1. Note the angle between two axes, namely the Cα long axis of helix 17-37 and the longest principal axis of the Cα atoms of the chain, as a number of degrees from 0 to 90, rounded to the nearest 10.
2. In nm, to one decimal, how far is the residue 35 label point from the residue 59 one, both placed 7 Å along Cα→Cβ?
3. Whole number in Å², please: accessible area per residue of the chain, 1.4 Å probe, ligands, DNA and RNA not counted.
4. Give me the percent relative contact order of the chain, please, defined on Cα pairs under 8 angstrom at least 6 residues apart.
5. In what sequence, largest accessible area first, do 42, 65 appear using a 1.4 Å probe?
6. For the stretch 1-55, take the convex hull of the Cα atoms, compute a quarter of its surface area, and give me that in nm², please.
7. Any idea how far apart residue 42 and residue 28 come out in nm if each label point goes 7 Å out from Cα toward Cβ?
8. Take the Cα atoms of the chain, build their convex hull, and give its volume per residue in Å³.
Amino acid sequence: MLFHVRMDVNLPPAMPPAQAEELKKTERELAQSLQRSGQWRHLWRIAGQYANVSIFDVAGVDELHALLTSLPLFPYMQIQIMPLCRHPSSVRDGDA
Ligand SMILES: O=C(O)CC1=CCC(=O)O1
């Protein structure tokens, strides 16, 4: 099942820079691992914002929830989720 997810990151201004860098590093490592496994299909930066749009390919909402809550930056993100299904006019086979 495909999900469009928008993540807006809001790190507290008072967070020590070293802690922020460590969080971003562990987030990047996990995000790249999930991209290689195929669960995180697309990851795009929203231009001019500390935010991304992503496409996840997971079994369902429970797996998506587990994945998103496992992200190191999860406590500092606002997340919007849109479940996707195939558009009848799409010329693609249903894959993002
Ligand atoms: O920088 C972001 O948009 C948050 C994030 C998600 C995956 C990653 O590596 O950073």
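The values are calculated or read from the model by the stated rules, or taken from the named source; none is laboratory data. None of these values were measured; they are calculated from a predicted model. Quick reminder, even Gly has a Cβ in these numbers, built from the backbone with ideal geometry, and neighbours come from all protein chains shown. Ligands, DNA and RNA are stripped out before the accessible areas are found, and what is left, the full protein with its side chains, is counted by its heavy atoms. Shrake-Rupley method; radii C 1.70, N 1.55, O 1.52, S 1.80 Å.
1. Value to nearest ten degrees: 20.
2. Between residue 35 and residue 59, the label points sit 2.6 nm apart.
3. On a per-residue basis, 66 Å².
4. 47
5. Accessible-area ranking of 42, 65, largest first: 65, 42.
6. Mean orientational projected area (the stretch 1-55, Cα hull): 4.2 nm².
7. 2.3
8. Convex hull volume per residue, Cα atoms: 104 Å³.
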